[in-house]
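One structure below.
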Amino acid sequence: MAIWGLVIETTVGVGERKHTEAYVLTHVEGTREEALVELERRARRHTPEHPRSPKRRRLFRECDGFLLVIDGAWQSFSTRFTVAELLDDSAAPAPPPTTEVAPPEAEPDPADTVPSPPPPSPSTPPVERDADGVPVRPAWWGRTDLP
């Protein structure tokens, strides 16, 4: 199933500070048509911050979504609603690990097994530790290469 982002691009600010910002409203998993139905529902309910005193509201259908144009007393404000397929998300959670069932391994033939060599003996003596696991003598103690 595809994951669709419901994206809104809306006019924010007023006067010379008026600009457009984009936000992802939500994600919809399913078909493009299902995502468009949800997007239309949100576009019809959307009430932008500006204009404060709307005079006229028009909702247009586009190929990838909807365009909402609201005329205010002095200016028009637009909001574009777009459905877009999510291809990559750097903040997406890691996919769950797949559990593959390994084929059962055959029992090794005792005649084919070679005895493994014994583990090498440690070259350094074991470190004496306190009851909480901290070494009694620090590892750097007695080193001549330190200032």
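The values are calculated or read from the model by the stated rules, or taken from the named source; none is laboratory data. What you are looking at is a predicted structure, and each value in this text was computed from that prediction instead of being measured. When we count neighbours, we look across all protein chains shown, and the Cβ atoms used for this are built from the backbone with ideal geometry, even at glycine. In case anyone asks, the SASA skips ligands and DNA or RNA and just uses the protein heavy atoms, side chains included. Shrake-Rupley method; radii C 1.70, N 1.55, O 1.52, S 1.80 Å.
A few comments on the model shown:
- In region 71-81, the residues that are under 22 Å from H27 (Cβ atoms) and open to solvent by less than 30 Å² (accessible area, probe 1.4 Å): T79, F81
- For region 58-86, a residue qualifies if it is in contact with a helix residue (DSSP H, G or I) (Cβ under 6 Å, 6 or more places away or on another chain) and acidic (D, E), but none of them does.
- Residues of region 54-70 classified as of a type outside the set (F, W, Y) and open to solvent by less than 30 Å² (accessible area, probe 1.4 Å), total: 4
- Residue match in region 32-53 (condition: in a strand (DSSP E or B) and open to solvent by 60 Å² or more (accessible area, probe 1.4 Å)): no
- Test: residue in region 21-29 that is in a strand (DSSP E or B), touching a residue at least 40 places away in the same chain (Cβ under 8 Å) and among the aromatic types (F, W, Y): no
- Qualifying residue in region 40-54 (condition: over 15 Å from F81 (Cα atoms) and aliphatic (A, V, I, L, M)): no
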